[in-house]
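Peer 1: First the structure, then my questions, so here it is.
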Amino acid sequence: MAGSKRRGVPSARGRFLRLNDMVASTGLSESTIRRRVREGKFPKSVALTPHCVGWWETDFEAWASARLGSHPDE
């Protein structure tokens, strides 16, 4: 992966999205996103540092695609 990064080739999984990206993309609050992660109704976050998490862009896109046409609380 380091060689790919030096060549400017993105990861196959895309990039990490941060919590503010999730809020902006979904319109859900931070607490709602965290609750849905705990309930298994939102993609799992990945610990980037002890105090920082992110979501793989491809995981979020798959979740969002699956949600199209369904009720947000399902």
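The values are calculated or read from the model by the stated rules, or taken from the named source; none is laboratory data. On a predicted model such as this, the values are computed, not experimentally measured, just so you know. Positions of Cβ are backbone-derived with ideal geometry, glycine not excepted, and every protein chain shown enters the neighbour counts. Protein only, heavy atoms only, side chains kept; ligands, DNA and RNA dropped before computing areas. Shrake-Rupley method; radii C 1.70, N 1.55, O 1.52, S 1.80 Å.
Peer 1: With respect to the numbered conditions (1) of a type in the set (Gly, Ala, Ser); (2) at pLDDT 95 or above; (3) open to solvent by 90 Å² or more (accessible area, probe 1.4 Å), which one is the sole condition not fulfilled by ALA12?
Peer 2: (2)
Peer 1: So THR32 clears everything in (1) at pLDDT 95 or above; (2) outside any helix (DSSP H, G or I) except one condition, right? Which one?
Peer 2: Unmet condition: (2).
Peer 1: Moving on. Could you grab me the full set of residues in the stretch 39-60 that are surrounded by 11 or more Cβ atoms within 10 Å (Cβ to Cβ) and assigned to a strand (DSSP E or B)?
Peer 2: Hits for the stretch 39-60 are VAL46, LEU48, CYS52, VAL53, GLY54, TRP55, TRP56.
Listed here are the residues, each with its yes/no results for (1) touching an Asp or Glu at 6+ places or on another chain (Cβ under 7 Å); (2) surrounded by 15 or more Cβ atoms within 10 Å (Cβ to Cβ).
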residue: LEU19; (1), (2): yes, yes
residue: MET22; (1), (2): no, yes
residue: GLY27; (1), (2): no, no
residue: GLU30; (1), (2): no, no
